[in-house]
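First the structure, in the form of structure tokens, and then the observations on it.
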Amino acid sequence: MTAVDHVEQRYRLLFERHWRRVFAYALRRSTNRAAAEDVVADVFLTAWRRVGDIPDDYELAWLLAVARKVLANAYRGDARRDRLLARLHQAAPALPAPEVEAAADESEAAEQVRAALGRLREADAEILQLANWEQLPHAQIAVVLDCTVNAVAIRLHRARQRLSDELAKESGRTGHIEPTSPTFSSDTTP
Amino acid sequence: MSDTDHDLDNLLRAANPVDEDRLPLPSESPGAQLLYEKITGTPYSGSARRARRRWAGPGLAAVLAVAGGGAVAAYAISSHVSSHLAVTCYAAPNLESRALIVPAEAAGPVATCSRAWVDGRLGTGGPPLLVACATPQGVAAVLPSAPGGDVCGQLGLPALPAGATSLTSTTPPTAASTPPTDAPGTMSPGVRDAIITALRATCLTSAQAELSITKVLAKANVNWAVVTPTPFPPGRPCASPGFDEEAKQVVLTGIPPPGSS
């Protein structure tokens, strides 16, 4: 087998192993399926260009790191568009509700947790999602976020505390969510 | 991790809006397969080796014309290298070493791979002395070499000229190469010109170019050709069409924006 065959086979395996997980990642963070498909296309195009740079043990983390950047660029593009529309004194079109196809849990509690996530800082929400929705271990999260494993542990701990605070507030307002611990830290360390 | 953390994690997992297990696998998703084919230029269902030989088969009669910057250049087909869109750059003087497949640049395969070395993608310390050979699969392979060494000969491969302006080893580029007009499925020069004109005026992304070409083909009632994008390297964001009539493809490659050198 030549190196060319090796590269092509590796890309094929990469695509087979991770397309669905990258698609799920993009769907969770996009407003609709088409937007998610665009993200996935950008991610795998980048992977094709740089297949030799992808570390064997961190393939998914590498792909999700690319997806994160693609999404950030897309958000920036949306923000530019919205500012332009504002300047033109036009109302920005309302984004459609996320298409939560393949939804796992549409209960009110799940809705409240998602709402609480939405009120967190983006970095806190992202690390919680990587740990619980993508179910990545700390070492993989560190690759996605380009930080150390220790930093992941610290950030994750703080993000959990902040989410607990948000849920506690929500519980105080509605009584619907039932946090299991009475002690919710209010750590405000960035 | 405390019980509280466990409870919180359970809540979070229950709030996951997309159950991954209910999404299709690539083998079940036509969209995923189309994406794979568009990116790699190889059929999803076939093996990579067999698929690539679609480009590299003997007697390849494809005409690959690359239009860019207002000038049209058409490359004649070489007896040695027939995959003009990509170059394989090796990190060591053997075909089993680490390799990068990169889009071919007009300056030739050695210059193409030198850039990969300069960028640090193949090693540190800048590009070593490089030589270009033609692999049996019809791909240009660029390998490091000792001064005066004969890497291609040692590997049993024909050498390519280092300063080649196209990926041809024996035939220089010609100013124009017209497909035989009586060949079945041949695209008329008028349609090719319309495609080139549609893409020449401005810098179109791959997706925009694909849409424009699809419209031109539909208008001309050409329903046998497909548009196949290839990866655009950094600094070459504008789509340029190539015509591979044997494979019935209009291949999109990346070129620098109009007006840039």
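The values are calculated or read from the model by the stated rules, or taken from the named source; none is laboratory data. Computed from a prediction, not measured in an experiment: that's the story for all the values here. Note that each Cβ is placed from the backbone with ideal geometry, even for glycine, and that neighbours are counted across all protein chains shown.
Would you confirm whether any residue within the range A:55-64 is within 8 Å of another protein chain (Cβ to nearest Cβ) and either closer than 24 Å to B:Q208 by Cβ or surrounded by fewer than 22 Cβ atoms within 10 Å (Cβ to Cβ) (or both)? No, because not a single residue in the range A:55-64 is within 8 Å of another protein chain (Cβ to nearest Cβ) and either closer than 24 Å to B:Q208 by Cβ or surrounded by fewer than 22 Cβ atoms within 10 Å (Cβ to Cβ) (or both).
Listed by first and then second residue, the pairs linking a residue in the range A:13-24 that is assigned by TED's automatic domain parsing to the domain that holds A:V70 to a residue that is hydroxyl-bearing (S, T, Y) and in a helix (DSSP H, G or I), with Cβ atoms under 6 Å apart and 6 or more places separating them unless they lie on different chains, are A:F15/B:Y36. Against the test of being at pLDDT below 75, farther than 19 Å from B:L35 by Cβ and acidic (D, E), the options A:D82, A:D57 yield a single qualifying residue, A:D82. Screening the candidates B:S45, B:S27 for the property of being more than 7 Å from chain A (Cβ to nearest Cβ) and not in a helix (DSSP H, G or I) yields one hit, B:S45. Cβ separations smaller than 8 Å between residues 6+ apart or across chains give the following pairs from the range A:115-140 residues that are within 12 Å of chain B (Cβ to nearest Cβ) and farther than 22 Å from A:D57 by Cβ to residues that are part of a helix (DSSP H, G or I) and among the polar types (S, T, N, Q): A:L117/A:Q129. Annotation: B:D21 fulfils all but one of (1) modelled with pLDDT of 80 or more; (2) part of a helix (DSSP H, G or I); (3) more than 9 Å from chain A (Cβ to nearest Cβ); the unmet one is (3).
Cβ-Cβ distances below 7 Å connect the following pairs, each with a first residue in the range B:117-135 that is touching a residue at least 12 places away in the same chain (Cβ under 8 Å), a second residue that is part of a loop (DSSP other than H, G, I, E, B) and of a type in the set (A, V, I, L, M, F, W, C), and a separation of six or more residues or different chains: B:L122/B:A91; B:G123/B:A91; B:V131/B:A162; B:A132/B:A162; B:C133/B:L157; B:A134/B:V81; B:A134/B:L157; B:T135/B:L157. Among the residues of the range B:190-232, the ones that are closer than 22 Å to B:T42 by Cβ and modelled with pLDDT under 75 come to 8 in all.
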